[in-house]
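Quick note: the coordinates plus some simple rules give every number you see, no bench work behind them. Keep in mind the model is a prediction, meaning the values are calculated, not measured. Every residue, glycine among them, receives a Cβ derived from its backbone with ideal geometry; neighbour counts consider all protein chains shown.
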Amino acid sequence: MVEAAPSLRQLPSVDRVLRQPDVATLIEKHGRVETTQAVRETLAALREEMRPGAVVDDTIITSAVLARLDARAKPRLRPLFNLTGTVLHTNLGRAILAEEAVKAATSAMREAVSLEFDLASGRRGERDDHVRALVCELTGAEDATLVNNNAAAVLLALNTFAHGREAIVSRGELIEIGGAFRMPEIMARAGARLCEVGTTNRTHPRDYADAMNPETGLILKVHTSNYRIEGFTAEVGARDLAKLARQHHVPFVNDLGSGTLVDLSRFGLRKEPTVRESVEEGADLVTFSGDKLLGGPQAGFIIGRKDLIAAINRNPMKRALRVDKMRLAACEATLRLYRDPDRLAQRLPTMRFLARSMEDIRQQALRLAPALAEIMGGSAVVEAAPCASQIGSGALPLDTIPSFGLVIRPKGSGQAVEALSAAFRRLPWPVIGRVAEGALVFDLRCLEDESLFQRNLASLRDEIAS
Ligand SMILES: *Cc1c(COP(=O)(O)O)cnc(C)c1O
């Protein structure tokens, strides 16, 4: 106590710091409340660190206040370079929106919009009106509604048709998707009793048929998004399930997960069933995500029979899961792009990334490697080398797309590569790659703004030096 007293007196008061001319300009920029808080926190931190008898001069205090304010002013949600090689990376925000969608969302944010207003009649409208016609045109479905995400779409379908009843699903399709989306738990929350049929690797038509009973609310088929069962396997096709469901007068719901509106073989990828094909196979309802292969904002589509969509819209839970005007605007603009499939690979970033030729990516890697090698100096070996991208978010989980990237192999201990990837994460635009076999790999498939990437690298010199 007696010893600490002199050092406390060496620090100026909050008021005195605030009266300094340099700090006054900070108040102008950050506001009085925020600056006062920063001064208070700075003085408290210095008091902790100070040795007894030490003197702290004003410039140290001012620059500490400035650093604190700058750190607090930086957004937490930061734009970054996704060079992981996973095009639809859930942790990095999945699909990047098309410019048309960005414009539409921005306008919906700035202006009043006809969200639930029918301009023709002057009466109340429905928010689904803005996408219904487009979705039906692109998928062949009778009707459509939009909710928060595909998890919500599945939850809502289960709750509407199987609450207090049974939902039949194959044991081979009881998926868990990253985070907490596990089919049995979603069922429980929807109030549906899970009726599992078949085995992990083989489920037959008679398994479903034997399970049908008066308590059955629906039959559900789930796309096994992030895994594949191979070997001695059997599953029942959507057409057969649709027929069985019709015989028993219950809906057949096909959860496609990613769901694609175009045939991916256009882009040299393996074919996944399209949403239109799933509708044609006779599903009463089809659910899929907005921000996976579709390339739009986070959303969940429920499409299919008019009477069933009407029942879903009458479910009070729908209100809690509906989309806002910004996402609705972005969805509409994204769907509109699908009317011109030939230009999709130019306009829709997800498709543009997937369609990018290996040669184009290789040329980019060859351009960037020397600049990066120069910055790394002797601390690492940098080379342009082939690598493999994947779509991500549960589309074609085992397929990779040949790509090209920068491979940075730091000299030194095993921790050197972790330190290096941390340095890249601290850049003004953090660069996220993947670590493989002692090297940091940047897959360049999703790198479009090359000049921003180059400018960003300039800060790397300081990061590596520190
Ligand atoms: C991704 C996925 C979901 C969840 O979709 P979100 O849009 O992430 O909510 C549900 N079912 C399947 C089969 C999926 O692949």
**Request:** Indicate, rounded to the nearest 5 percent, the antiparallel portion of the DSSP beta bridges found entirely in the stretch 132-322.
**Result:** 40 percent
**Message:** With angles folded into 0 to 90 degrees, how steeply does helix 325-337 sit against the dominant principal axis of the chain? Use alpha carbons for both and round to 10.
**Reply:** 60 degrees
**Prompt:** Once the Cα atoms of helix 99-110 and of the chain are each reduced to a long axis, what angle between those two axes, in degrees from 0 to 90 to the nearest 10, is obtained?
**Reply:** 80 degrees
**Message:** Let me test this: with uniform point scatterers at the alpha carbons of the chain, what is the Debye-based log₁₀ I(q)/I(0) at q = 0.09, 0.10, 0.11, 0.12 1/Å?
**Reply:** -0.77, -0.89, -0.99, -1.08
**Request:** Run through all the Cα pairs of the stretch 419-466 and give the fraction in each 10 Å bin from 0, expressed as whole percent.
**Result:** 25, 56, 19
**Percent RCO, i.e. relative contact order, over the chain, from Cα pairs under 8 Å lying at least 6 residues apart** = 18 percent
**Prompt:** Hey, if you put +1 on the Cβ of every Lys and Arg and -1 on every Asp and Glu Cβ in the chain, which of Ala299, Leu11, His248 ends up farthest toward the positive end of that dipole?
**Reply:** Leu11
**Prompt:** On a 0 to 90 degree scale, rounded to 10, what angle separates helix 415-425 from the longest Cα axis of the chain?
**Reply:** 80 degrees
**Vicinal HN-Hα couplings computed from phi for the stretch 292-306 (Karplus, 6.51 cos²θ - 1.76 cosθ + 1.60; Hz; Gly/Pro x)** = 9, 4, 4, x, x, x, 4, 5, x, 9, 10, 10, x, 4, 4
**Request:** Give me the distance in nm between label points sitting 7 Å out from Cα along the Cα-to-Cβ direction at Arg305 and Leu452, one decimal.
**Result:** 4.7 nm
**Request:** Please report, in whole Å, how far the alpha carbons of the stretch 93-153 spread along each principal axis, starting with the longest.
**Result:** 38, 32, 22
**Item:** Rg in Å to one decimal, and Dmax rounded to a whole Å, for the stretch 132-322 via C-alpha atoms
**Value:** 15.4, 46
**Fill in**
In whole Å, largest first, the alpha carbons of the stretch 351-466 cover along the principal axes 41, 29, 22
**Asked** Which value, in Å to one decimal place, does the Kirkwood hydrodynamic radius take for the stretch 326-371 when every pair of different Cα atoms is included?
**Response** 12.5 Å
**Fill in**
Going through Lys29/Lys325; Lys271/Lys325; Lys221/Lys243; Lys243/Lys318; Lys243/Lys306; Lys271/Lys292 one by one, the pairs whose alpha carbons sit over 22 Å apart turn out to be Lys29/Lys325; Lys271/Lys325; Lys243/Lys318
**Complete:** The rounded separation in angstrom of the Cα centers of the stretch 426-466 and the stretch 79-115 is 22 Å
**Request:** Please report, in Å, the Rg and the Dmax of the stretch 215-261, where both are computed over Cα atoms only.
**Result:** 12.4, 34
**Request:** Based on other C-beta atoms within 10 Å, arrange Phe301, Phe424 from fewest to most.
**Result:** Phe424, Phe301
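With Rg and the Kirkwood Rh both taken from Cα atoms, where does Rg over Rh land for the stretch 29-135?
Values: Rg = 24.8 Å, Rh = 19.6 Å.
Using Cα coordinates only, the ratio equals 1.27.
Arrange the following residues from fewest to most other Cβ atoms within 10 Å of their Cβ: Ser289, Ser13. Please report the intermediate quantities before stating the final value.
Values: Ser289 28, Ser13 10.
Fewest-to-most ranking of Ser289, Ser13: Ser13, Ser289.
If you rank Cys136, Cys446, Cys331, Cys195 by fewest surrounding Cβ atoms within 10 Å, what's the result? Display every interim value, and only then the final one.
Numbers: Cys136 16, Cys446 25, Cys331 28, Cys195 21.
In increasing order of surrounding Cβ atoms, one gets Cys136, Cys195, Cys446, Cys331.
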**Fill in**
Its Cα gyration tensor gives the stretch 6-73 an equivalent ellipsoid whose semi-axes in whole Å, largest first, are 21, 12, 9
**Item:** Farthest toward positive dipole pole in the chain [+1 Lys/Arg, -1 Asp/Glu at C-beta], among Val382, Asn159, Gly172
**Value:** Asn159
**Fill in**
For the stretch 132-322 the mean separation of alpha carbon contacts under 8 Å (6+ apart) over residue count, i.e. relative contact order in percent, is 28 percent
